[in-house]
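Only one structure is covered here, and it is reproduced in the block below.
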Amino acid sequence: MNDCLLCTHASTAPTEVYRDDWWAATVFPALAVPGWYVLRLLRHAEGLAAMTQPEAEALGRALRRLSGAVTVTCRTDVVYATCFGEDNRHLHWLVMARADDIPSEQRRGRLAEQAARLVDPARAQVTAARVRDAVTEAAP
Ligand SMILES: [Zn+2]
C-alpha cells in the first residue's frame, strides 16, 4: 500500500477543479486558500525527471488551463506554480493565486508560508466551483 499523502488524499473525493488523463487539481485541506490548488500527477512518481513524455506535455496544458481559470476567477494578474516535492515526495505542483492585497514582503517564494493565515475552507470551496467552471468553459 502506498503511504503517500497525496495519493491517499486523492481517494477521499476532494474538490477537483481540473482533470485530464495524467493530472488532477484539487483543493488540499491544509492549503484551502481561495485560488490555491494542488496539481498532482495521477500516478505516484517522485521528481520532475520521473515524468513520461506524455505526462510532461500534458503538464504544460494543465498549467496553462488551470492558471488561466484562476487568473479570471480570482481577478489577479499573478498566479504562481511551484514544485517543491520535498515534504510530500509525490510529483505535484502548488498553483497559487497571489491576491492583490498580499504585502510585497509576503509575495514570491514567501507566499506559501502564509497558508495557515490565508486558509478559508468555505471561500476556497466557492472559488473552486468557479475555477472548475472556468476550466471547463476554456476547454480546447
Ligand atoms: Zn503519491
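Summary table below
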item	result
Residue satisfying all of: in region 82-103; within 16 Å of the ligand (Cβ to nearest atom) and touching a residue at least 60 places away in the same chain (Cβ under 8 Å); surrounded by the fewest Cβ atoms within 10 Å (Cβ to Cβ) among these	R89
Only listed residue being within 16 Å of the ligand (Cβ to nearest atom) and surrounded by fewer than 17 Cβ atoms within 10 Å (Cβ to Cβ), chosen from G47, G60	G47
Cross-chain or 6+ apart pairs with Cβ under 8 Å, region 1-22 first and within 17 Å of A45 (Cβ to Cβ) and modelled with pLDDT of 85 or more, then among the polar types (S, T, N, Q) and more than 9 Å from the ligand (Cβ to nearest atom)	none
Qualifying residues in region 104-121 (those that are in contact with a helix residue (DSSP H, G or I) (Cβ under 8 Å, 6 or more places away or on another chain) and polar (S, T, N, Q)) - the one nearest to the ligand (Cβ to nearest atom)	Q114
Breaking point among (1) modelled with pLDDT under 95; (2) in contact with a Pro (Cβ under 6 Å, 6 or more places away or on another chain), for A124	(1)
Test set (1) out of contact with any Phe, Trp or Tyr (no Cβ under 8 Å at 6 or more places or on another chain); (2) within 15 Å of the ligand (Cβ to nearest atom) - L39 fails condition number	(1)
Test: residue in region 15-30 that is closer than 17 Å to Y80 by Cβ, within 9 Å of the ligand (Cβ to nearest atom) and not in a loop (DSSP other than H, G, I, E, B)	no
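The values are calculated or read from the model by the stated rules, or taken from the named source; none is laboratory data. A quick note: this is a predicted structure, and the numbers were derived from the prediction, not measured. A quick note on method: Cβ atoms are made from the backbone with ideal geometry, for glycine too, and the neighbour counts reach across all protein chains shown.
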